[in-house]
Every structure is written in C-alpha cells, then in structure tokens.
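Notes follow the structure.
Just so it is clear, none of the values below were taken in a lab; they were calculated from the coordinates. Computed from a prediction, not measured in an experiment: that's the story for all the values here. A quick note on method: Cβ atoms are made from the backbone with ideal geometry, for glycine too, and the neighbour counts reach across all protein chains shown.
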Amino acid sequence: MSKYFGTDGFRGEASVDLTVEHAMKIGLFLGHYYGSDKKAKVVIGKDTRLSSYMLEDALSAGLTAAGADAYLLHVTTTPSVSYVVRTEGFDCGIMISASHNPYYDNGIKLLNGRGEKMEDEVTEACERYLDGEAEPIAYATRDHIGKTVDYFAGRNRYIGYLISLARNSYKGIRVGLDCANGSAWMIAKSVFDALGATTFAINCSPDGTNINRDAGSTHIEQLQKHVLDNRLDIGFAFDGDADRCLAVDEKGEVVNGDQIIYIYGRHMKERGNLPDNTVVTTVMSNYGLYQALDEIGIGYKKTDVGDRFVSECMREHHHLLGGEQSGHIIFGKYATTGDGVLTAIKVMQAMIDKDMPLSKLAEPCPMYPQVLKNVHVDDKDGTIADPAVQASVKAAEQSLAGAGRVLLRKSGTEPVLRVMAEAKEKEACEKAVEMMIDAIRQSGHLC
C-alpha cells in the first residue's frame, strides 16, 4: 500500500498531513522526472479551498526550481485539467483538491500525459523522493529556471469543448445547479447558460471555507428543495472538484450514479453506440441496477471501488461507459476521467432525445434498500477466509432467495470489513447483515 498516494491522490488535512514542503518536493520531483531531456511543461488546477492557493504556490516553486514551466489554470475542475493535459501536449497535470472532503482537507492528484490517473511507478518514485530515499534534485540555475504562465485560455477551451458536445438547445428547460461552492461555480453555469437553459444556480459563492458545506452531491437535499421550490425540470449537484454529478428529477427525487449509468447505457444501446452492450460498474453498485440491466440485455463488469479501477477496466476492454453510484461517470469517447458537467450534458441529451422527464427515464431502475455496517476485526484476510464466516455469507445470500445480494469487503485503509446486503425489503437486508456479523463475532475476529 502506498504511503502518501492513494487511489485518488495524496490527501489529508492541509498543513498537517499535506504540507507546503510536500507540495514543493512533489513539484521538484515532477519537474526533474519529466525534464531529464527537455524542459517539462506541467499544468495545474485548483479548487476553492483556502489551502489550494498555498499548495499551488509551493508546487509552482518546486516545478520552476527544477527547470519546468508551470501553467496555471487557477480555479477549475479536475476533468478540465485532464482535458488540457491530453489535448495540449503537457507532460502531466496536477489538480489541487480533496474532492468532497471538508475545506480543511486538501489533496494533490497527479494525471499523466493522457489525462489519466498517474501510473503507480511514478507515484512510488515520488514517494521515495519525499522520504529521502532518492538522490537529491539539483535546482535549475540561470536561464534553465522555469517560469509560471497564467493559462486561463486552457480552461476556456475546455468550456468550449463541453458546449460543443451538446447536440440540442436547452431553451425552455428550467435547470437547477448546485456547484458546492467549489470548482464548478463558474464553469457549470457558463455552459448551461450558453446552451440556452433557464439556469437556477446555488452554492456559487466560495469563500475558501464553505466548499461542500451542506452543499453539492454529498448534501443533495438542498438541491431537492431548490428543484421543488422553483418548479424546475431537472437539477444537477456536483462535488468540490466537479468530477462527479448526481441528478434530481422534476419530482425532487435523487437519481444517483447507478441510475445515470442505466439511463445512458440504454440510450447508447438503442442507438448502437454501446460496444459489446456492456457497461463497467463497481462491486458497490446497487442490485437494482443489475436487475434493470439484465432486463434490457446490457452486460456489466464489476471492479473494485474507485473510479481509477473503472477507468482501467474501460481502457483494457474498450468499453465506453462506466462509473460509480457516487456519481463518478466516465464517458470513454469524450473523457478519461469522471466529469460532472459532462455527465449533466449527457443526461440532458437522453431526456431531450427521448422527450421524457428524468423520473420516467429512471423509473425502470429502482434502487434496492441497502444496509451497510463497518466492523473492526483482528485480521481482514483471516476473517474473510474463516470457514464459518464464508458459510455465513452463503447462508445470508440464500436467505435473500435470489432477490438480493450480500458483500463482505475489506477497507483499503483501516482494520475494517464492510458488511453489506441489498434486497427489496430493508428487514431482509438487516437480517442478512446481522447473520454475517454474528459469525464474525462467534469466530472470535470481532474487535
């Protein structure tokens, strides 16, 4: 397991777990790594947290001290950094964000030259440098010192790209946007206004400390009320760096990432645009999604939790649609990462093409009740391998009589197992979960 970089970058409390020293060293490493035989070009974006400005300066200092040029997109979205990297010849990209976390956390996400999550071998080499296990990097001198460049133009080109992907005008459609006081606060409204929507945007006043606070995709109840109070046709909620999107239908009901995969997977299949009639999901996708996909003849692959794993599976098998229930949706033809505003555009396209409200599009894909409990254990692998625990998992699954599923999954960072069940009735879920937890307790693994 990596010491600093997880599946979504280097993340922690700013100035505690993630410091300016870390950021400057990461900049030095990347400038040196990509500049061994040329002057490296690196593009940087950030969200609206107070600490994002501090970390941007530190990263820029490290890059330029190593001889690289740092191009600053300033406040922008993670997918915009990915787009600029892959379309404008940058060596790599950096996004400063802790996504849906509170303002006092922050993170550094690294993207390779294709706009994808950085390869493990690069982050592992960076970690060795951070820990002083690699040779010191010499500072550039004289005319070899790098420069910083204000690069608003890159962000504007990304906005133009999004607008170009919409096939229809949104004139006459009342759309709500919850921008979470984060990266989407200018971009999302600009796109929807340009496409003709009557736009009702909320949480578009970032002050450095209110990102994600009772706002955005992790607090979607505010958008639900906004849609109902203003009689809107649809609403979209983004997270702090706008790489995820959840929707709210005209009745104020949430349409999550699983349902969005169903809606657009069906839309693509009906138009012959879904290779192998297959989408990519994660092991935490809802059982209701799989039931709905089975009914319309769409296959699915399951990956571990994390949009990185979804993206890797899509690339390996040439699939064009995948994502997570949380709203990380990847449209492989148009992007290499989850993109919240792009997701909103695609949901609008399905709604307009079918001439149906969002509630009707999502209706064939109801979400099953889910019960998820985290239990601390002495040994994650040993607990899962215990014959009595394995027998309880089989018994719990049998108790659902083919109308649900159970899952026993390891936490990636804690001595915790996630015990989950989904079924048509919540009581059945609770009984199945308790059956598995009781077996863990009886086997002596519960802490």
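Computed across the range 145-274, the Kirkwood hydrodynamic radius from all distinct Cα-Cα pairs reaches 15.7 Å.
Computed from label points 7 Å out along Cα-Cβ, the spacing between Lys302 and Arg128 is 3.7 nm. One Cα centroid belongs to the range 345-370, the other to the range 1-25; the line between them spans 38 Å. Note on the chain: antiparallel DSSP beta bridges, both residues inside, total approximately 55 percent of the bridges counted.
Can you work out the FRET efficiency for the pair Thr141 and Tyr104, with r the C-beta to C-beta distance and R0 = 30 Å, to the nearest 0.05?
Given R0 = 30 Å and the Cβ-Cβ separation, E is 0.20.
Backbone N atoms of the range 286-312 closer than 20 Å to the 7 Å Cα→Cβ label point of Asn277 belong to residues 288-302. Relative to the current alpha-carbon distance between Leu50 and Glu414, full extension at 0.36 nm per residue lengthens the span by 128.2 nm.
Stretching Ser2 away from Lys251 to a fully extended chain increases their span by 85.2 nm, per 0.36 nm per residue minus the current alpha-carbon distance. Rg then Dmax, both in Å and based on the Cα atoms of the range 84-126: 11.8, 33.
Gly272 sits among other residues whose Cβ lies under 15 Å from its own Cβ, and their net charge, with Lys and Arg +1 and Asp and Glu -1, is +1.
Given the peptides 73-85, 320-332, 295-307, 166-178, arrange them by the average over their residues of other C-beta atoms within 10 Å, most packed first. Provide the component values of the computation, followed by the final result.
On the way: 73-85: 27.4, 320-332: 24.8, 295-307: 16.5, 166-178: 18.7.
Ranked by mean Cβ neighbours within 10 Å, highest first: 73-85, 320-332, 166-178, 295-307.
Once fully extended, how much extra length lies between Lys38 and Lys333, figured as 0.36 nm per residue of separation less the alpha-carbon to alpha-carbon distance? Don't skip to the answer; put the middle values down first.
Details: separation 295, 0.36 × 295 = 106.20 nm, distance 3.12 nm.
My answer for the length gained is 103.1 nm.
Note on Ile163 and Glu270: the model spin-label points, each 7 Å out from Cα along the C-beta direction, lie 2.9 nm apart.
Computed over the alpha-carbon atoms, the range 89-153 gives an Rg to Rh ratio of 1.02, Rh here being the Kirkwood radius from the mean inverse distance.
Considering the convex hull of the alpha carbon atoms of the chain, report its projected area averaged over all viewing directions, in nm², one decimal.
On the way: hull surface 87.5 nm².
Mean orientational projected area (the chain, Cα hull): 21.9 nm².
Every helix of 4 or more DSSP H residues in the chain counts as -39500 (n - 2.57), and over all residues that averages to -12000 deg cm²/dmol at 222 nm.
Residues within the reach of a label modelled at Leu372 (point 7 angstrom out along Cα to beta-carbon, backbone nitrogen below 17 Å), restricted to the range 294-321, are 302-310. Residue by residue, the range 175-192 carries 3J(HN,Hα) couplings of 10, x, 10, 10, 8, 6, 6, x, 4, 7, 4, 9, 5, 4, 5, 4, 5, 5 Hz when phi is fed to the Karplus relation 6.51 cos²θ - 1.76 cosθ + 1.60 (θ = phi - 60°); x denotes Gly or Pro. Amide H contacts of Val305: Val283, each under 5 Å away and 5 or more positions distant or on a separate chain (H built 1.01 Å from N in the peptide plane; Pro and chain starts excluded). What is the distance in Å between the Cα centroid of the range 219-272 and that of the range 390-443? The two parts, judged by their Cα centres, are 29 Å apart. Extent along the principal axes, Cα only, for the range 166-362: 43, 36, 27 Å, with the longest axis given first. A simple spin-label model places the labels of Glu427 and Thr87 5.5 nm from each other, with each point 7 Å out along Cα-to-Cβ.
For a paramagnetic label modelled on Ala385 (point 7 Å from Cα along Cα→Cβ), amide N atoms under 16 Å away belong, within the range 399-418, to 410. Dividing the radius of gyration of the alpha carbons in the range 5-153 by their Kirkwood radius gives 0.93 for Rg/Rh.
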